[in-house]
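All remarks here apply to the structure that follows.
A short reminder: the numbers here are calculations on the coordinates, not readings from a lab. In this text, all values refer to a predicted model and were calculated from it rather than measured experimentally. When we count neighbours, we look across all protein chains shown, and the Cβ atoms used for this are built from the backbone with ideal geometry, even at glycine.
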């Protein structure tokens, strides 16, 4: 997994609430057990509309959504598809719990913004569709123009993303410390 420290990117607006995992990656694309071929299915129904901002994301790595992003079935393919499609971060008002956990475990940063900064970001993007946004995971901030917003994130998930490891990788990197603890515990 690639470490996530900070990201500066254009933003693709998907200003809808309750975007479910079947809209993110339709079931017909779930025949794989890895990420291959998932970019093609990402938002397949909406990307087919040439007027949709999803039809031509032009290298943007940040997706801006509404409330309850990633609701629906528990499919790990949803964050896989977003990553395969080039996204590293989704900014929304809120996320479905299972989607948020799957995203964090796979290196996709879900950023939940409070109502006011989210509304300011939406307005800024409407004023300038080429707006770039900076997401700083170390500082847990999102910034653009003269705006700065903080976002919450679980400390362990943050540590894993910053280090570019999943939970197992985190434990394996501490093998010597674990062995030393087990040795001390056995001697007690």
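Figures for the structure shown
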| quantity | calculated |
| --- | --- |
| With Cα atoms, 0 to 90° folded angle of helix 175-187 axis to the chain main axis | 40 |
| Two-site label geometry, residue 18 and residue 168: point separation in nm, points 7 Å out along Cα→Cβ | 3.7 |
| Virtual spin-label span in nm between residue 175 and residue 49, 7 Å along Cα→Cβ | 5.1 |
| DSSP beta bridge pairing in the range 32-178, given as percent antiparallel to the nearest 5 | 45 |
| Shape call, the range 37-143: gyration tensor on alpha carbons, a/c limit 1.5 | oblate |
| Relative contact order, percent, the range 6-187 [alpha-carbon distance under 8 Å, six or more residues apart] | 22 |
| Protection proxy ranking, peptides 2-9, 169-176, 104-111, average beta carbon neighbours within 10 Å, highest first | 104-111, 2-9, 169-176 |
| Computed [θ] at 222 nm, helices only, for the chain once each DSSP H run of length n ≥ 4 contributes -39500 (n - 2.57) | -10000 deg cm²/dmol |
| Linear extension gain, residue 10 paired with residue 185, 0.36 nm per residue minus alpha-carbon span | 57.9 nm |
| Cα-based shape type of the range 6-187, given that a ≥ b ≥ c are square roots of the gyration tensor eigenvalues and the cut on a/c is 1.5 | oblate |
| Euclidean distance between Cα centres, the range 153-175 to the range 102-152, Å | 22 |
| Rounded to 10°, Cα long-axis angle of helix 115-127 versus longest principal axis of the chain | 50 |
